[in-house]
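Read through the structure below, which is laid out as structure tokens, and then see the notes.
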Amino acid sequence: MNLPPQTMGKALLFDGPGLPLRLVEQPFPAPLEGELVVRVEAATLCGSDLHTINGKRKVETPTVLGHETIGRIEAMGPGPTPRLQDGTLAAIGDRITWAVVANCGGCRYCDSDLPQKCEKAIKYGHEPLIGRRMWTGGLATWNLLAPGTTLVKLPESLPASLATPASCATATVMAGIEALGPIEGKNLLITGAGMLGLTAVARARALRPASITVVDPLCWRRDQALVIGCSNALTPVEFNNHTQPVDAWLELSGSNVSWESCFPRLAIGAKVALIGAVFPTQDTVFNLERVVRRMITIRGIHNYGPRHLASAVEFLTGLPADHPLGQLAGPWFTLDQHETALRVAADPAVLRVGFRSI
């Protein structure tokens with residue numbers, strides 16, 4: 001076991017909606033067998049973190065939020081050295097990101113290629129503060145990674161602004177696009193041009209669809225989608241007058257209105273990946289006969305598997321360092337500046353508030 005000198009670190013505790021976050025100090029989390037300690041380099045607040053803070057989504061409290069995180073391996077517990085996703089041995093000093101869910105690898109969900117639904121899952125940024133689980137959220141000095149965590153090495157050249165969203169936004173987009181199957185030559189619809197939607201535009205371009213249509217009510221998000229490379233960027237009202245049939249659809253807004261207005265536009269054989277609805281909403285409706293007669297496939301995507309995180313890092317590594325996606329994360333703060341950070345995060349024009357030098 002390789003341990004740094006005993007020291008103290010910080011963690012930002014969430015106690016519940018309407019309550020201020022608490023900055024606390026805790027000692028270094030000495031790893032047990034199979035565990036890793038990662039010193040956090042950067043973490044970003046995902047939209048679902050903000051839903052939690054605002055009370056739209058319930059979690060057990062207190063907890064340390066943050067599941068879009070990168071860092072360097074600082075210590076390893078005893079026993080066999082953990083392996084990275086590519087099969088190589090992890091090493092002290094490796095710059096890595098890790099999957100949002102640590103899975104057991106042997107339950108019925110793991111065996112069904114649904115490791116993110118593992119019966120024994122540890123979910124980073126979502127665990128209640130019970131003993132050693134202090135260090136499972138990105139808004140802390142360290143993260144303590146459990147056995148069964150997918151680890152992916154990051155190139156030193158990959159900017160934190162591109163790398164940090166990999167473990168949620170980018171990997172989830174990879175899972176969603178995979179669920180659509182081949183999209184070459186097809187008309188792709190993306191509803192919602194937040195971090196996931198804009199990432200989806202960048203990824204989909206390389207797969208050569210006939211067109212990429214983005215629908216979002218916010219002008220600046222539509223403009224950004226055009227910069228990244230979509231064919232059309234429309235308001236919901238403009239889309240109602242758009243006559244192009246939809247062969248593949250990534251629904252990233254989580255809006256019932258989006259679902260109900262876009263569903264009738266699906267072509268025969270269309271495939272839909274529903275991703276954005278990760279907070280409680282009212283029930284919605286759709287026509288079952290249309291699903292059957294038009295042979296529509298609807299797939300729910302929640303989080304992702306190990307291969308999607310690996311492909312996310314590969315995709316991001318292939319982008320130029322000045323790619324527009326890298327401009328979407330930030331501004332950046334320290335944990336001590338969290339009150340200011342949360343005020344900034346409330347601005348709809350800010351997609352990802354980030355924390356560095358934690």
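The values are calculated or read from the model by the stated rules, or taken from the named source; none is laboratory data. Since this is a predicted model, take the numbers as computed values, not measurements. Neighbour counts are summed over all protein chains in view; Cβ atoms, including those assigned to glycine, are modelled from backbone coordinates with ideal geometry.
Quick notes on this one:
- Arg208 being outside the structural domain of Cys104 (by TED's automatic domain parsing), at positive phi and among the basic types (Lys, Arg): yes
Rundown of residues vs (1) farther than 24 Å from Gly326 by Cα; (2) in contact with a strand residue (DSSP E or B) (Cβ under 7 Å, 6 or more places away or on another chain), yes/no style:
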position	(1), (2)
Thr61	yes, yes
His67	no, no
Lys120	yes, no
Ala140	no, yes
Glu156	no, yes
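Listed here are the residues, each with its yes/no results for (1) closer than 25 Å to Ile268 by Cβ; (2) touching a residue at least 24 places away in the same chain (Cβ under 8 Å); (3) in contact with a Phe, Trp or Tyr (Cβ under 6 Å, 6 or more places away or on another chain); (4) of a type outside the set (Val, Ile, Thr).
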residue: Gly137; (1), (2), (3), (4): no, yes, no, yes
residue: Leu154; (1), (2), (3), (4): no, yes, no, yes
residue: Thr170; (1), (2), (3), (4): no, yes, no, no
residue: Gly181; (1), (2), (3), (4): yes, yes, no, yes
residue: Ala193; (1), (2), (3), (4): no, yes, no, yes
residue: Ala200; (1), (2), (3), (4): yes, yes, no, yes
residue: Ser211; (1), (2), (3), (4): yes, yes, no, yes
residue: Cys219; (1), (2), (3), (4): no, no, no, yes
residue: Asp223; (1), (2), (3), (4): no, no, no, yes
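- The set of residues from the range 245-256 being crowded, with 19+ Cβ neighbours inside 10 Å and touching a helix residue (DSSP H, G or I) at 6+ places or on another chain (Cβ under 7 Å) comprises Val246, Ala248, Trp249, Leu250, Glu251, Leu252.
- The helices (runs of 4 or more DSSP H) located wholly in the range 257-351 that include 2 or more residues which are in the same structural domain as Val237 (by TED's automatic domain parsing) and surrounded by fewer than 16 Cβ atoms within 10 Å (Cβ to Cβ) occupy 288-293.
- If you check Arg22, Arg57, Arg83 for being farther than 22 Å from Pro159 by Cβ and within 18 Å of the chain's Cα centre (by Cα), only one passes: Arg57.
Listed here are the residues, each with its yes/no results for (1) in contact with a Cys (Cβ under 8 Å, 6 or more places away or on another chain); (2) surrounded by fewer than 13 Cβ atoms within 10 Å (Cβ to Cβ); (3) among the small types (Gly, Ala, Ser).
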{"site": "Ile53", "(1), (2), (3)": "no, no, no"}
{"site": "Val59", "(1), (2), (3)": "no, no, no"}
{"site": "Gly71", "(1), (2), (3)": "no, no, yes"}
{"site": "Ala75", "(1), (2), (3)": "no, no, yes"}
{"site": "Val100", "(1), (2), (3)": "yes, no, no"}
{"site": "Ser112", "(1), (2), (3)": "no, yes, yes"}
{"site": "Lys120", "(1), (2), (3)": "yes, no, no"}
{"site": "Gly137", "(1), (2), (3)": "no, no, yes"}
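- Residue ID - farthest from the chain's Cα centre (by Cα), chosen from residues in the range 218-241 that are surrounded by fewer than 16 Cβ atoms within 10 Å (Cβ to Cβ) and not in a helix (DSSP H, G or I): Asn241
- Strands (runs of 3 or more DSSP E) contained entirely in the range 95-197, each with at least 3 residues that are assigned by TED's automatic domain parsing to the domain that holds Cys46: 95-98, 142-145, 151-153
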